[in-house]
Amino acid sequence: MKKIVLLGPPGCGKGTQSKLLVEKDNFVQLSTGDLLRSEISNSNSDLGKKVKDLMESGELVPDDIVIDIIVKKVEKHKKENIVFDGFPRNLKQAKVLDSSLENVSIKLDHAIFFEIDFQILQERINTRANETKDSEKRKDDNSKTLLNRIEVFKSSTLPIVGYYEEKGIISKINGMQMVNEVYAEITKIIC
Ligand code: ADP
């Protein structure tokens, strides 16, 4: 069973590719963004509100909250194919992921990095924001938050690429191709 991480800036297509892996290749998708959104949708607590504010501004949610969510899910799905989408987002999370996998005697097979042009990325996110009905729109899909999310990506998430490079499990793919082309590259890497 495979364990893979998809790495890339917001809007690069990690979510789309994760869904394809779920539909076609029997993967479980662990998206910390989705998991956090569902946690806060049924919470009126102060903590829920704090998480919501951070997400809406494009900042990262504190590590302990995200790690707690993900470690439980790893335990639950350890015998299945897992695609991590949006996690890890900084070096600490990458190290915790390694140790929590090690605890259940498994390791990451691949980290796949989506390389993308930041200008095109901004256009994509604007289109996504404009095409989505207001009622379904994510509050963090707007240009101001996007710029912050890209900055957070560059400063916190990008260093993980070097970490996985040292471990020899990184593959870089061109994230600006058509959806099916990106998917074809991913399946070539993981098969
Ligand atoms: P995208 O895939 O467009 O980057 P996500 O849905 O993955 O967006 O994440 C939305 C927000 O959720 C992030 O901007 C951040 O506030 C929070 N978040 C998601 N995953 C993590 C994580 N691993 N660590 C900290 N915060 C996270």
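The values are calculated or read from the model by the stated rules, or taken from the named source; none is laboratory data. Every value quoted in this text rests on a predicted model; they were computed, and no experiment measured them. Virtual Cβ from ideal backbone geometry, glycine too; neighbours counted across all protein chains shown. To get the accessible areas, we keep the full protein, side chains included, count just its heavy atoms, and leave off ligands, DNA and RNA. Shrake-Rupley method; radii C 1.70, N 1.55, O 1.52, S 1.80 Å.
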Self-check item: Residue in region 87-101 that is farthest from the ligand (Cβ to nearest atom), counting only those that are open to solvent by less than 10 Å² (accessible area, probe 1.4 Å) and touching a Leu at 6+ places or on another chain (Cβ under 8 Å)
Solution: LEU101
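With the condition kept exactly as written, say whether any residue in region 150-157 is among the aromatic types (Phe, Trp, Tyr), outside any strand (DSSP E or B), within 14 Å of the ligand (Cβ to nearest atom) and open to solvent by less than 30 Å² (accessible area, probe 1.4 Å).
We begin by selecting, within region 150-157, every residue among the aromatic types (Phe, Trp, Tyr); these are 153.
Now narrow it down to the ones that are outside any strand (DSSP E or B): 153.
Now narrow it down to the ones that are within 14 Å of the ligand (Cβ to nearest atom): 153.
Then keep just the ones that are open to solvent by less than 30 Å² (accessible area, probe 1.4 Å); that gives 153.
Scanning region 150-157, I find at least one residue that is among the aromatic types (Phe, Trp, Tyr), outside any strand (DSSP E or B), within 14 Å of the ligand (Cβ to nearest atom) and open to solvent by less than 30 Å² (accessible area, probe 1.4 Å), so the answer is yes.
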Quiz prompt | The lone exception for VAL61 - which of (1) over 22 Å from ASN148 (Cα atoms); (2) of a type in the set (A, V, I, L, M); (3) crowded, with 19+ Cβ neighbours inside 10 Å it fails | solution = (1)
Exercise. Could you check how many residues of region 1-34 are within 19 Å of ASN180 (Cβ to Cβ), in a loop (DSSP other than H, G, I, E, B) and either more than 10 Å from the ligand (Cβ to nearest atom) or modelled with pLDDT of 95 or more (or both)?
Key: 2
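For region 50-134, please list each of the helices (runs of 4 or more DSSP H) lying entirely inside it that holds at least 1 residues being on the phi < 0 side of the Ramachandran plot and among the small types (Gly, Ala, Ser).
Values: elements: 63-77, 91-103, 118-131.
Where helices (runs of 4 or more DSSP H) fall fully within region 50-134 and carry at least 1 residues being on the phi < 0 side of the Ramachandran plot and among the small types (Gly, Ala, Ser), they are 91-103, 118-131.
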Quiz item: Got a number for residues in region 51-74 being more than 16 Å from LYS95 (Cα to Cα), near the ligand (Cβ under 7 Å from one of its atoms) and not small (Gly, Ala, Ser)?
Solution: 5
Quiz item: Any chance region 152-159 includes a residue that's of a type in the set (Phe, Trp, Tyr) and closer than 20 Å to MET55 by Cβ?
Solution: yes
Quiz prompt | Residues satisfying the stated conditions in region 38-49, i.e. in a helix (DSSP H, G or I) and among the polar types (S, T, N, Q) | solution = SER38, SER41
Quiz item: Which one of these does ASP46 not meet: (1) within 10 Å of the ligand (Cβ to nearest atom); (2) open to solvent by 50 Å² or more (accessible area, probe 1.4 Å)?
Solution: (1)
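Given the criteria under 11 Å from the mean Cα position of the chain (by Cα) and surrounded by 16 or more Cβ atoms within 10 Å (Cβ to Cβ), does VAL5 qualify?
Working: under 11 Å from the mean Cα position of the chain (by Cα): yes; surrounded by 16 or more Cβ atoms within 10 Å (Cβ to Cβ): yes.
So VAL5 fits the description; yes.
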Quiz item: Just one of the numbered conditions (1) open to solvent by 40 Å² or more (accessible area, probe 1.4 Å); (2) assigned to a helix (DSSP H, G or I); (3) under 25 Å from LEU36 (Cα atoms) is not true of ILE160; which one?
Solution: (1)
